[in-house]
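The block underneath contains the structure these notes are about, expressed in structure tokens.
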Amino acid sequence: MSEAGRHVLLADIGGTNARFALADTAAPLPLLEDSVKEYAVADFPSLGDAALHYFDDGGTQMAGGQPVRRGVFAVAGRVEGEHARITNHPWVISSPRICEMLDFTQLDLVNDFAAQSMAIPALRPGDLIAIGGAAWTPDATPADRTYAVIGPGTGLGVGVLVVRGGRYWPLETEGGHVSFPPGTPEEIAILERLSAQFGRVSNERLVCGPGLVNIHRALSEIAGVDPGPMQPADITAGAAAGDVRCMRATDVFCAVFGAIAGDLVLTTGAWDGVFLTGGVVPKILPLLQHSGFRQRFEHKGRFSPNMARVPSMAVLHPHAGLLGCAVMARQTVVAT
């Protein structure tokens, strides 16, 4: 392979941040960690403009001065052919338009949690920490497996990785928009408050950064208190400082997260493990480890014994979405 053809531009685009990097598809570890850069999506009128800025910001030099002609872009929204729309940001993405702007010959658009799913075979034990007692060990050789991936960030992403016959098949979903199922009287009361505000209430209305604020506000309304404007960081900081309502909000968040992750196993048959990823998980890791997450994850009636054997792993790799894009980029090269 020529030097110019080895490098692929990677992007992981969420509702708040755009992360870019380069992949060297001929390298044993295709993601070039030193090439990762992150920008606020609000600073650019389009994804193409953000990508051009990445090249101006040193991306060309990191590619050895060679032109990059291919890309794998993961976006937080549904991909329909050559087009996608970010769910929690106004960008509308057109693959032909970006190829024209960047002088690309090929651009693969994928859902961001398809990329998160494809990162699984590249994760190593140091990239993960178990939530609960069930452990996960990477396969030395690919075996038939089904994994689920779920992660709160600006929204709630959900994906599935099916491994069959040594091949990896990521399933793109919008599972974060499934209707929220309350599991306790308190959660029913929270749902009533959120229904009054939003009408239909999806899982994403609770399990994401803004969802933590929604939970806190609902609990405050139940208590007859106006908390005023809040950010997710205010609530986690308040919980760390011993604020009772902030502590309860984070407890509810973790419990609901666990219940939803367990439901995902039941609906997809992901008996081989669930991977917890996204921007929020590393920030609340101590809370997750000492919360009702795992209890609600396993609490599935007649299937509780089965659920106790399913690993739930927090992903600590700082760029799992880009890692998955790099795996996809290399897989495309091998296939061709």
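The values are calculated or read from the model by the stated rules, or taken from the named source; none is laboratory data. This structure is a prediction, so every number in the text was calculated from the model and none was measured. For neighbour counting, all protein chains shown are included, and Cβ atoms are generated from backbone atoms with ideal geometry for every residue, glycine included. Heavy atoms of the whole protein, side chains included, go into the accessibility calculation; ligands, DNA and RNA do not. Shrake-Rupley method; radii C 1.70, N 1.55, O 1.52, S 1.80 Å.
Do we have Arg85 as open to solvent by 20 Å² or more (accessible area, probe 1.4 Å), basic (Lys, Arg) and touching a strand residue (DSSP E or B) at 6+ places or on another chain (Cβ under 7 Å) here?
yes
In the range 43-69, how many residues are more than 20 Å from His89 (Cβ to Cβ) and either modelled with pLDDT of 95 or more or of a type in the set (A, V, I, L, M) (or both)?
Residues that pass the stated criteria total 3.
State all residues of the range 280-315 that are buried (at least 16 other Cβ atoms within 10 Å of the Cβ) and in a loop (DSSP other than H, G, I, E, B); if no residue qualifies, say none.
Hits for the range 280-315 are Val280, Ser291, Gly292, His299, Lys300, Val310, Pro311.
Test Ala122 against the criterion of being open to solvent by 20 Å² or more (accessible area, probe 1.4 Å) and in contact (Cβ under 8 Å) with a residue 60 or more places away in the chain, and give yes or no.
yes
Checking Arg78 against (1) touching a Lys or Arg at 6+ places or on another chain (Cβ under 8 Å); (2) open to solvent by less than 60 Å² (accessible area, probe 1.4 Å); (3) under 26 Å from Val280 (Cβ atoms), only one condition comes out false. Which one?
So the condition that Arg78 fails would be (2).
Any idea how many residues of the range 156-166 are free of Cβ contacts under 8 Å to residues at least 24 places away in the same chain and surrounded by fewer than 17 Cβ atoms within 10 Å (Cβ to Cβ)?
Selection size over the range 156-166: 2.
Between residues in the range 294-310 that are without any contact (Cβ under 8 Å) to a residue 24 or more places away in the chain and residues that are not hydroxyl-bearing (Ser, Thr, Tyr), which pairs lie under 9 Å by C-beta distance while being six or more apart or on different chains?
Ser304/Glu298; Pro305/Glu298
Which of the residues spanning the range 1-44 are farther than 18 Å from Ala114 by Cα, part of a strand (DSSP E or B) and more than 18 Å from the chain's Cα centre (by Cα)?
The answer is His7, Leu22, Asp24, Leu32, Glu33, Asp34, Ser35.
For the range 50-79, give me the residue count where each residue is touching a Leu at 6+ places or on another chain (Cβ under 9 Å) and not basic (Lys, Arg).
14
Which ones in the range 276-323 are touching an Asp or Glu at 6+ places or on another chain (Cβ under 8 Å), within 21 Å of Gly153 (Cβ to Cβ) and among the β-branched types (Val, Ile, Thr)?
Residue satisfying the conditions is Val315 alone.
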